[in-house]
Amino acid sequence: MRTISILLILPVFLVCAGLLHAAETVRVITKENAVRQQCKFYSPVRAKVRYNDPLTVLSRSGDWYKVSFRGVSGCIHKSALASGTYRLSGTLGGRGGGASADEVSLAGKGFNPQVEAAYKGRNPGLGYRSVDEIERYQAPDETFQAFLGKGGLTTP
Amino acid sequence: MKVNTCMPLAAAALCILAGCNLAGLSGALPSGLNSEHVTLAAKSARAVSVASRPISDSEEYYVGRAVAARILATYPLLRNSRLTEYVNLVGRTVALNSEKPNTYGGYHFAVLDSSEINAFACPGGTILITKGMVRAVRTEDELAAVLAHEVAHINHRDGIDAISKSRWTEALTIIGTETAKTYGSSDVARLTGIFEGSIDDVFKTLVVNGYGRGQEEDADRTSLGYLARAGYDPKALESFLSRLSVTGRGSSGGMMKTHPATSDRLENVRSSMPGSAADPVMEKARSARFAESTSF
């Protein structure tokens, strides 16, 4: 009887262990982002990550996740992440980021580059070139850090 | 037979409750459940969640790009590298102190070559501020207050809320529940029509009619928190609005057309003012660089 019980419980235990392990993976939900050396927005970049890249969670510190990506470890803010799997992460204490896991499954659906291209075709006079120019601009992290320091300002 | 009907339903219910991927569990199925049931259950669960889903972050980004493109067709971009960098640094500081420091496409700030006093928060994170507005603010803290107010509109999804519900419901019937990322030509034509209508909805709200009074007051209240967390003086919003209520009298264009009476906003801001005060020495340093960066 005891052997039968063990045989019944063991697979359940193994499946649960697997599910808990899966919950430690998160995915990037922004177009681009960075794994940084320290948990600060202007800290040096250790690895660049892109939408849907899977990151292994090492630990959490406030609003920041310490993660590992392709052998590089560092920090990324929770608002750039969502739970990486649908495997019971909600009920087994999975640590999703600021957004729902659905964001990952909705990648490329609905209003997407294909729809934007068709819209641009119908409206050639719109200022998409200026929009691209605005999006390309990014002040360097060092400039931002100096700006904060000289102005007595802070970021999380 | 009864089992065959119930199993996918039970599995779907479980899937919805647990947010699980049943397809991933197909190797360990209880008796009575086969892979067909699992696929059907997963599709049903996805259909339930997709049928009523809100606009996703990436969709919001494409709406925001189109709204910005429409605004930029009317107001040309001011190309002044020093001012652009400065506005981006101030804007980035308040955005990182908001409840959502990361959006799908990130925050971007730019100045429009227009004397009108106005600012626009395009869904997803692009904020456009007019040259007239840069001239209307007197300190970096006031500029931060204006940008923080716009960041709050983005985080509250006020622009996206302007899209009519029936339009989005129609879009969802085309988008469907399949995971395909590309659409056939007729679906693209229909989706593009809905997209175009959605851009009209948002554009009219941002540029013509303005947000509701409640949305403006919420954005003001929220922005005070961003300013305080960043180290800016939240009172800068009050000082800017006070001045606007005097200088804006008699003006009917730009911000005065699309925003509620500044006297009402002032009352709301005063009653929500946080207790923290900014360091006056640092405030002076910020005002000096403001004067330097905005001398155009």
Exercise. How big is the Rg/Rh ratio for region B:47-111, C-alpha atoms only, Rh by Kirkwood, two decimals?
Worked result: 1.09
Problem set entry | Shielding score for A:27-35, defined as the mean number of other chain Cβ atoms within 10 Å | 3
For this session: Would you compute, for the Cα atoms of region B:79-147, the largest minus smallest coordinate along each principal axis and list the three values in descending order, in whole Å?
Result: 31, 20, 20
For this session: Could you work out the Kirkwood radius for region A:23-86, taking every pair of different alpha carbons, averaging 1/r and inverting it, reported in Å?
Result: 11.2 Å
For this session: Compute for chains A and B the buried accessible surface, both sides summed, probe 1.4 Å, and express it in Å² to the nearest 100.
Result: 5600 Å²
Seminar exercise, completed: Ranked output for segments A:127-139, A:109-121, B:91-103 by mean other Cβ atoms within 10 Å, highest leading, reads B:91-103, A:109-121, A:127-139
Problem set entry | Largest-first principal axis extents of the Cα set of region B:190-251 (Å) | 48, 35, 17
Exercise. For region A:110-126 and region B:82-101, what is the separation of their C-alpha centers, rounded to whole Å?
Worked result: 28 Å
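The values are calculated or read from the model by the stated rules, or taken from the named source; none is laboratory data. Computed from a predicted structure; not experimentally measured. Don't worry about glycine lacking a Cβ; one is built from the backbone with ideal geometry, like all the others, and counts go over all protein chains shown. The area values use the complete protein model at the heavy-atom level, side chains included, leaving out ligands, DNA and RNA. Shrake-Rupley method; radii C 1.70, N 1.55, O 1.52, S 1.80 Å.
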